[in-house]
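Please treat every number below as a calculation from the coordinates, not as lab data. Computed from a prediction, not measured in an experiment: that's the story for all the values here. Here the Cβ is made from the backbone with ideal geometry for all residues, glycine too, and neighbour counts use every protein chain on show.
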């Protein structure tokens with residue numbers, strides 16, 4: 001059982017926020033700091049971008065103004081938010097949006113260079129900590145499968161000071177790092193912009209250290225392999 005925190009609970013929370021404020025975030029400052037962190041670590045120029053939980057298109061607007069991306073596709077479960085996003089980007093053919101209710105569990109259907117999820121994991125999918133973390137990682141794994149270059153997402157951390165709201169999800173950065181390293185050699189965590197927020201970036205491919213180490217192994221093994229090799233036509 002998912003308990004009192006479920007996808008329906010999260011949906012109602014954000015629908016209420018959108019209806020009352022016209023936004024899906026609380027702080028403009030925190031939102032901009034998240035965006036700056038993401039832009040600092042990921043190159044979006046000439047990239048196909050997939051955003052999971054695009055909301056009303058706030059980050060898409062930043063990408064439109066501050067990058068030279070190739071194209072963008074936003075997914076969200078909230079139809080009212082998607083309608084606002086489509087209105088904002090009317091006339092921009094390379095920015096598209098669609099309704100998706102089961103991204104993590106559905107069939108793979110989105111290919112991109114960069115997959116993004118900003119603020120999606122701030123609210124609990126489940127009141128049980130481990131089940132909520134499993135749900136978060138199911139999203140991250142699907143994003144990693146869809147993206148050919150990297151995945152970037154943000155989350156609120158257990159370093160949060162004060163009393164969190166009932167719906168607020170706080171994730172342990174050490175656990176997140178450990179889980180991401182099981183999938184990728186190249187993981188970056190940035191907590192330099194706010195005491196309770198963190199950006200995680202997971203790249204495809206080997207880290208520079210791993211790549212150089214692999215080359216060293218190949219070079220060191222070459223003489224030994226050559227020593228035992230018999231050349232065709234040579235006298236034994």
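The ranking of 144, 177 by Cβ neighbour count inside 10 Å, starting from the fewest, reads 177, 144. Fewest neighbouring Cβ atoms within 10 Å first, the residues 151, 116, 136, 62 line up as 62, 136, 116, 151. Only Cα sites of the range 77-151 enter the Debye sum here, all with the same form factor; the resulting log10 I(q)/I(0) across q = 0.20, 0.24, 0.27 1/Å is -1.04, -1.26, -1.32, listed in q order. Residue exposure proxy: 209, 185, ordered by other Cβ atoms within 10 angstrom of their Cβ from fewest to most, comes out as 209, 185. Pairs of Cα atoms nearer than 8 Å and 6+ residues apart set the relative contact order; for the range 89-199 it is 27 percent. Prolate is the label for the range 85-196, because the ratio a/c of its alpha-carbon gyration tensor axes (a ≥ b ≥ c) is 1.5 or higher and a/b is greater than b/c. Taking the average, over residues, of other Cβ atoms within 10 Å as the packing measure, peptides 67-74, 121-128 rank 121-128, 67-74 from highest down. What's the extension gain from residue 130 to residue 41 if we count 0.36 nm per residue and subtract their Cα-Cα distance? Answer, rounded to one decimal: 29.2 nm. Between rounded, prolate and oblate, where does the range 7-207 land on the alpha carbon gyration tensor, with a ≥ b ≥ c its root eigenvalues, rounded for a/c under 1.5, else prolate if a/b exceeds b/c? It is rounded, given that a/c, with a ≥ b ≥ c, falls under 1.5. Taking only the C-alpha atoms of the range 74-115, Rg followed by Dmax gives 11.3, 32 Å.
With both residues required to sit in the range 7-207, DSSP beta bridges show an antiparallel share near 40%.
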